[in-house]
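Beneath this line is the structure, given in structure tokens, with notes to follow.
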Amino acid sequence: MSEVPWVEKYRPKSLEEYVGNSEAVERLIRWVKNWNPRGKKATLLYGPPGVGKTTIALIVARLFNYDLVEMNASDWRTAEKISRVAGRAAEQGTLYGQSKRIILIDEVDGIAGEDVGGLTALLDVIRKSRNPVILVANDIWQPRFSILREVCELIEFKRLTSRDVIKHLKRICAVEGLEADDGALKLIAEKAEGDMRSAVNDLQTVSYGRKRITAEDVSWLAARNRILQIFDALKLVFYAKTVNGAKSAFEMVDMDPEMFFEWVYENVPAQFNALEDLAEAFENLALADLFLAKIKREQNWKLLSYALECMTAGVAMSRRYSKPKWAPFKFPSRIRFLSSFKARRELLNGLAAKIASKTHASRAKAVREYLPYLKAIAVLNPSLCEKIGKNLGLTEEEFSILGGLKETPPEIPGKAKYVRKR
Ligand SMILES: Nc1ncnc2c1ncn2[C@@H]1O[C@H](COP(=O)(O)OP(=O)(O)O)[C@@H](O)[C@H]1O
Ligand SMILES: [Mg+2]
């Protein structure tokens, strides 16, 4: 896939194309317009990723016809480099004939935490600057940013609404000649939770090789996220340092307690390698299981917190001798088995209904009395079975549970017995 990423291709170039956060945008424009070296020399745009903080800085520079000097703070390894690179650009004033400039310093929270000099250098750059400085960060509430927060004009950017996200996605669809159902765009937008970058990336992924996308085409995105979430929650259970840390695991996931239990249960053996720990973890799970059963039987939901505590904190605190070792988390095999079992049962039901309607018997009778004959015919006379199957209007899948598929002839019972005897 050599296509340009749509996040770049459709990065808004003007205010008309930019959606959401209108108040923040207005404040930024006003700040640039009124900038003077005696006021606040820098503004700090902060908020969650993918909402257009970097993009608006680019748009505003263009709007005022400023040159933009762009720097990425997380690339700076040392304080010395900050003052050398950013300092020079910021300090240079406007010479005659040279256009004005804005300094953009992106990913400020990427300045290494252990490099105390980095922040000092950044503050120094701001103090000496003769140009407006725009800083961009996700999280500015760490204590180490307290001085930075004071010297900057703070402008908050919020998560985008689904409506705003959909608006932008529709623009992309129109240009790409992509037909997208409203339901599909809504699903993508909701799943992105206000992060336009992730919404646009998802849209590009699901529309690859398609001219039209439906809600069904994008439904797998929701499942993908749920899996990521459960992995994070399991990490909390298996590597928690505190009881409270482990207890918060269940709150992270959108899942019922029984399903969460299955996930923990499946992964205990791979995550703990000391027998003592394993025993204790399973003891806790057994208790949780008892509580869950009681809740189900008596609808006594007060017990839920005990059940949850056993399967999160109880399991977490079982780790005493096991060394942390990396092992991939696995999907609960019991659930996989149950769902394949359920699928098979449904298939059998459908088959029984077809036999029943042709033979005027009940479904139960069809399963009990006619199906065994059909199975025998499937083995002994496959071509006859195929004819009967056609006559009954069986689907390929229904036909296959008769064992009548020629590629995989099932063992003939009598023959098997004979072999075993020897
Ligand atoms: N408000 C927005 N309107 C339209 N597109 C946006 C908006 N915010 C983000 N995008 C899209 O997401 C991409 C990432 O945006 P960016 O400005 O880098 O986000 P941030 O700096 O907040 O992490 C952009 O290239 C653009 O395609
Ligand atoms: Mg950015």
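Rule-based calculations on the coordinates, nothing more; no lab input. Worth saying up front: this structure is predicted, and the values here are computed from it rather than measured. Cβ coordinates were reconstructed from backbone atoms using ideal geometry, including for glycine residues, and neighbour counts include every protein chain displayed.
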*How big is the chain by the Kirkwood estimate over distinct Cα pairs, in Å?*
27.6
_C-alpha long axis of helix 243-252 to longest principal axis of the chain, angle in °_ = 80
_So, R0 is 45 Å and r is the distance between the beta-carbons of K128 and T161; what FRET efficiency does that work out to, to 0.05?_
0.70
*Considering Cα pairs under 8 angstrom that are at least six residues apart, work out the relative contact order of the range 254-375 and quote it in whole percent.*
27
*What FRET efficiency comes out for the pair L68/V151, r = Cβ-Cβ distance, R0 = 25 Å, nearest 0.05?*
0.75
*Segment L304-N391, extension gain: residue separation times 0.36 nm, minus the distance between their alpha carbons*: 26.0 nm
*Given the options E176, E262, E70, which has the most mean-square fluctuation in a GNM of the chain, springs set between C-alpha atoms less than 10 angstrom apart?*
E176
*asked:* With an 8 Å Cα cut-off and a minimum separation of 6 or more residues, compute the relative contact order for the range 162-226 in percent.
replied: 40
*In whole Å, what three semi-axes, largest first, describe the equivalent ellipsoid of the range 228-312 built from its Cα gyration tensor (square root of 5 times each eigenvalue)?*
20, 16, 11
*Arrange E150, E258 by Cβ neighbour counts within 10 Å, fewest through most, would you?*
E150, E258
_Relative counts (whole %) of C-alpha pair distances in the range 189-267, using bins that are 10 Å wide_ = 16, 39, 25, 18, 3, 0
*Compute log10 of I(q)/I(0) for the range 117-219 with the Debye formula, placing one identical point scatterer on every Cα and leaving out solvent, at q = 0.14, 0.22, 0.25 Å⁻¹, to two decimals.*
-0.66, -1.04, -1.30
*Among rounded, prolate and oblate, which fits the range 277-344 when a ≥ b ≥ c are the square roots of the eigenvalues of its C-alpha gyration tensor, a/c under 1.5 means rounded, and a/b larger than b/c means prolate?*
oblate
*What is the ratio of the Cα radius of gyration of the range 162-226 to 2.2 N^0.38 Å, where N is its residue count, to two decimals?*
0.96
*asked:* Using Cα-Cα distances under 8 Å and only pairs 6 or more residues apart, what relative contact order does the chain have, in percent?
replied: 12
*Go ahead and set up a Gaussian network model of the chain, Cα springs under 10 Å, then flag whichever of S162, S305, S400 fluctuates most.*
S400
*Note the full-extension length gain between N349 and Y373 as 0.36 nm times their separation in residues minus their Cα-Cα distance, in nm to one decimal.*
7.0 nm
_Beyond a 22 Å Cα-Cα separation, which of these cross-linked pairs lie in this structure: K53/K191; K100/K128; K296/K330?_
K296/K330
*Find, among the GluC sites (Glu not before Pro) in the range 1-62, those assigned to loop by DSSP (not H, G, I, E, B) with at most 12 other beta-carbon atoms within 10 angstrom.*
E3, E16
_Sorting check: for 271-282, 315-326, which peptide has the highest mean count of neighbouring beta carbons within 10 Å, and how do the rest follow?_
271-282, 315-326
_Extended-chain gain in nm, criterion 0.36 nm per residue less alpha-carbon gap, V4 and Y239_ = 80.6 nm
*Can you list the lysines whose alpha carbon is less than 20 Å from that of K211, not counting same-chain residues fewer than 8 positions off?*
K9, K167, K170, K186
*Per 10 Å bin, what is the whole-percent P(r) computed from every C-alpha pair distance within the range 1-69?*
17, 50, 25, 7, 2, 0
